[in-house]
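Report on one structure; see the data block that follows.
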Amino acid sequence: MRVTCFSSFTFAYLDRARVLFASLRRFHPDWDLVALITDVPPPGFQLRVEDEPFDRVVYAQDLAIPDFEAWLFKHDVVEVCTAVKGPFLHQACGSGADAVVYLDPDTALFESLGPVLARLQDSDILLTPHLLDPNTDRQAILDNDLSASRTGIFNLGFVAIRTRGEGARFARWWNDRLLEFCYDDIPAGLFVDQKWCDHAPALFDKVGVVRDPGCNVASWNISQRTVAIGRDGAITVNGAPLRFWHFTKLGPTGDAMTRRYAGDNHAVFEIWRWYKEQVDAARDPIIPDRYWAYGVFGDGTPIDKAHRLIWRDRADLRERFPDPFDVTDGGYLAWLRDEGLAARPAA
C-alpha cells in the first residue's frame, strides 16, 4: 500500500513536527512524509529538506486556494492550520497514493501503525474518538466528556482514508467544509475541523472507529487508560501496545491536565519527560518563539483576533481592502486605527 502521511503546522511548531516525523521515519521508512506549512520562513532561517526527517514540503499557498491571503486572513493560526488539512487531503486523493494519513505535529509514534491501517481493507475512513470508556469521576466528566461534546466526538489529530470510494468522497466533503467553515466558534456549532466529523458516520459508509487504547493517548483520556512500561522498555496502554501519543498543549496547561489525570502513573510522566527532551533537542534558536509570518500586517503590526473577525464579517471591508495584510496607502490597518480598533505607532 502506498501511503502519504502529512502534518500541518507553522515554523513555530517545527520542533514538534521534527519529533513526529522522526518517529514516523523509524516505523514507516517507506511512507511519503509531507510537511504542510502555512507560513513563511523567518529571517535568517533556511529550511533544508534534505536535513529534515520528512520527504518534502508543501506550502499552503501552493494548494490553489482562491484568493489565498484574503482567505487566510479570516483565520487565526489554529484555525488555518486545520483548515488547510481538507484541501491537502482532497488533492492527495489524486496523487497516486492508496491511503493518506494525517497526524498532528504534537504527536509521536511508539509502534507501527500497520495494524491500524490494515483496517483500511474494510474501512475507507478511520477516526479516533476522544473517549473509549465512560468516565465516572465528576471532574473528569466536566473536563473530558463535556469537552468532547463541545469540540467533537472524534479527535482530528489523526485521520486516515483510502483515496477511493467513501474515503475520496469524505475528502471532498471535508475540503469544502473547511474552506468555508473552519472556525473556533463553539456557540455557532463549530470547532475548527473536528465538529464536522461528528457527521461522518451518518454521511458516509465504511467509517471505522478506532477503539485501540494505544492510539491517540492524551490528557483527555488517560483517566481511563493505564499506561505501563515493561522491563524490556515496551509501553502498553490497558495491555495493548502504545502506538501514538498526542502531547497536546505542551507547557503549563498540558502539565496541569496530565498531573490531574495521570495520578501516580509514573510511566505517563516518563513519556512526557522523553517528549520534552526530544522537542528541546529539535528546536532551532533562529526561529522566534510563537513566530507566524501571517500574524502581522505588512508593517509588522500584530493582528488581533478581533481584526480578523471584523474583516471576515463585513463584506464592505472585504471589498474595500481585498488584501487586508497590505498597508500601502494605509489599507485595512489604517481603517482600524481611524476607528480606534488598533493602536497607532508610537511617535
So, in the stretch 276-314, how many residues would count as being within 24 Å of ALA108 (Cα to Cα), of a type in the set (A, V, I, L, M, F, W, C) and without any contact (Cβ under 8 Å) to a residue 24 or more places away in the chain? 1
Close pairs (8 angstrom Cβ cut-off, 6 or more residues apart or separate chains): within 22 Å of LYS74 (Cβ to Cβ) in the stretch 321-347, among the small types (Gly, Ala, Ser) and modelled with pLDDT under 90 anywhere: LEU333/ALA342; LEU336/ALA342; ARG337/ALA343
Conditions (1) among the small types (Gly, Ala, Ser); (2) over 25 Å from LEU14 (Cβ atoms); (3) in a loop (DSSP other than H, G, I, E, B) -> ALA267 fails only (3)
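Please specify each residue of the stretch 225-235 satisfying the condition of being surrounded by 18 or more Cβ atoms within 10 Å (Cβ to Cβ) and out of contact with any helix residue (DSSP H, G or I) (no Cβ under 6 Å at 6 or more places or on another chain).
Within the stretch 225-235, the subset surrounded by 18 or more Cβ atoms within 10 Å (Cβ to Cβ) is 225, 227, 235.
Listed by number, the residues that qualify are ARG225, ILE235.
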Regarding GLY233, is this residue assigned to a loop (DSSP other than H, G, I, E, B) and without any contact (Cβ under 8 Å) to a residue 24 or more places away in the chain? yes
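Out of SER95, SER23, SER112, which single residue is surrounded by fewer than 22 Cβ atoms within 10 Å (Cβ to Cβ), hydroxyl-bearing (Ser, Thr, Tyr) and more than 17 Å from PHE158 (Cβ to Cβ)?
Details: SER23 fails: more than 17 Å from PHE158 (Cβ to Cβ); SER112 fails: more than 17 Å from PHE158 (Cβ to Cβ).
Only one candidate passes the filter, namely SER95.
Restricting to helices (runs of 4 or more DSSP H) lying wholly in the stretch 65-172: which have 2 or more residues that are in the same structural domain as PHE54 (by TED's automatic domain parsing) and farther than 26 Å from LEU14 by Cβ?
Here the list reads 114-117, 146-151.
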Assess whether PRO302 counts as being within 30 Å of LEU103 (Cα to Cα), surrounded by 12 or more Cβ atoms within 10 Å (Cβ to Cβ), at pLDDT 90 or above and not polar (S, T, N, Q). no
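The values are calculated or read from the model by the stated rules, or taken from the named source; none is laboratory data. Quick caveat, the model's predicted, so the values are computed rather than measured. All Cβ positions, glycine included, derive from the backbone under ideal geometry; neighbour counts span all protein chains shown.
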